[in-house]
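No lab work stands behind these numbers, since they all come straight from the coordinates. Since the structure is predicted, the reported quantities are computational estimates derived from the model, not experimental observations. In this analysis, Cβ positions are derived from the backbone assuming ideal geometry, glycine residues included, and neighbour counts consider all displayed protein chains.
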Amino acid sequence: MTVVAVTGGTGAPGATSTALALLLTWPLPAGRRVILIEADPDGGSILAGALQGRVSAEYGLHQLGVAHRQGNLVDAFFRQLVDLSDGRRERLLLPGLVDPTQASGLAYTWDPISQLAAGLGNQQIPHDVIVDLGRRGTTGASAIVARRADLVLPVVRGTLPSLAQAQPRLAALRNDLDTHGTGSDSIALVVIEQGRYSRQEIGKHLEAPVLGLVPFDPERARVLSDGEGDTGKRFLRSRYMRAARTTADAAINLAAQRRMRLAPRPTSGGQLPAGPEAPAPSDGWAQAAAYIRRSETEPRPEPHSESPAEAEPAHRPAGEEAGHVR
Ligand SMILES: Nc1ncnc2c1ncn2[C@@H]1O[C@H](COP(=O)(O)OP(=O)(O)OP(=O)(O)O)[C@@H](O)[C@H]1O
Ligand SMILES: [Mg+2]
């Protein structure tokens, strides 16, 4: 039951690519699942980037504001998830906002979303959660997500511009987490290995431990940020993806240690409904986007009144066609 919030900064250090790499490499013991919530208030980039527009932009976070006002948040949350694990529903994406102006509609929804995320680890099918908060999601209404997370992972590059812009941001974040969250010891850095500063120097300068090092590898990163390039086994076995896996392992361990030190966090209380199964728009994000062969837009599902536990999956692919991107 781990919730990690990934955050970026000016200069686009690589927060979304790193968050997606974490999703794809997150260790999943049998029966566990992981969800990436693309919660960047400036808008999401995975549908247009990694997924190359192959999933309808109807899916996503923007649906949750209205659903919350209608008292339907949990059901809507599960309905918006997109399966990136070849139909196994293990690695799931909640796509981000299409338009930053949609962020205002979520002002009162971040709190319940953060509670939902915290509660997902305790469900019959436990889910870990990665949240991409983008450059400014640790401030404003969505700050509650970082405050409730087990870990907050700022992504920085080891260059002077990246470190210079990160320092005041991290100072403000530390202050916010100490004042309103569970403490600034939730901050752990993910460093993209670009620039001349060492791990020790970066940690000292930003006054936070370095959780993981990710190679500076524009070719591999472009697969995740732009949906370009080789996505087969070479990609999955690359140093970049192995570093993401190591970072995910470290995050899980650090989060567990931290939880042991803290009192139990408030959760949304009780078991959440299991939720309908996610659509599987990709027939192979588990093996990355090379397996994506056909662009297809899925119509919005009709809302249904059955309880989620009993309902048919809202996006069950008809004849293995709808809901898949080939
Ligand atoms: N480890 C890396 N090595 C090299 N290039 C990278 C790496 N990670 C990301 N990039 C590149 O940096 C650019 C920005 O990546 P990404 O969109 O992940 O950053 P971001 O921090 O989420 O940006 P934004 O704040 O705009 O959302 C992309 O071109 C991506 O390919
Ligand atoms: Mg981003």
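Working out 0.36 nm times the residue gap between Arg88 and Ala164, then minus their Cα-Cα distance, what length gain in nm do you get to one decimal?
Stretched out fully, the Arg88 to Ala164 stretch lengthens by 23.2 nm.
Given R₀ = 22 Å, what would the calculated FRET efficiency be for Arg222 paired with Asp249, taking r from the Cβ atoms and rounding to 0.05?
0.35
So which trypsin sites (Lys or Arg not before Pro) in the range 88-122 pass both tests, a DSSP loop state and at most 15 other Cβ atoms within 10 Å of the Cβ?
Listed in order of number, the matching sites are Arg88.
Around Thr2, what is the net charge, scoring Lys/Arg as +1 and Asp/Glu as -1 over all other residues with Cβ under 9 Å from its Cβ?
Cβ neighbours under 9 Å give a net charge of -1.
Which far-off residues, 5 or more places away or on another chain, put their amide H under 5 Å from the one on Phe216, with H placed in the peptide plane?
Under 5 Å from the amide H of Phe216 lie the amide H atoms of Glu193, each far enough along the sequence or on another chain.
Stretched out fully, how many nm does the piece from Ala172 to Asn72 gain, at 0.36 nm a residue minus the Cα gap?
Working it through step by step, the gained length comes to 32.6 nm.
Identify the residues of the range 120-150 with backbone N under 13 Å of a label point that sits 7 angstrom from the Cα of His180 along the Cα-to-Cβ direction, or state none.
137-149
Any idea how far apart Arg239 and Lys204 come out in nm if each label point goes 7 Å out from Cα toward Cβ?
2.5
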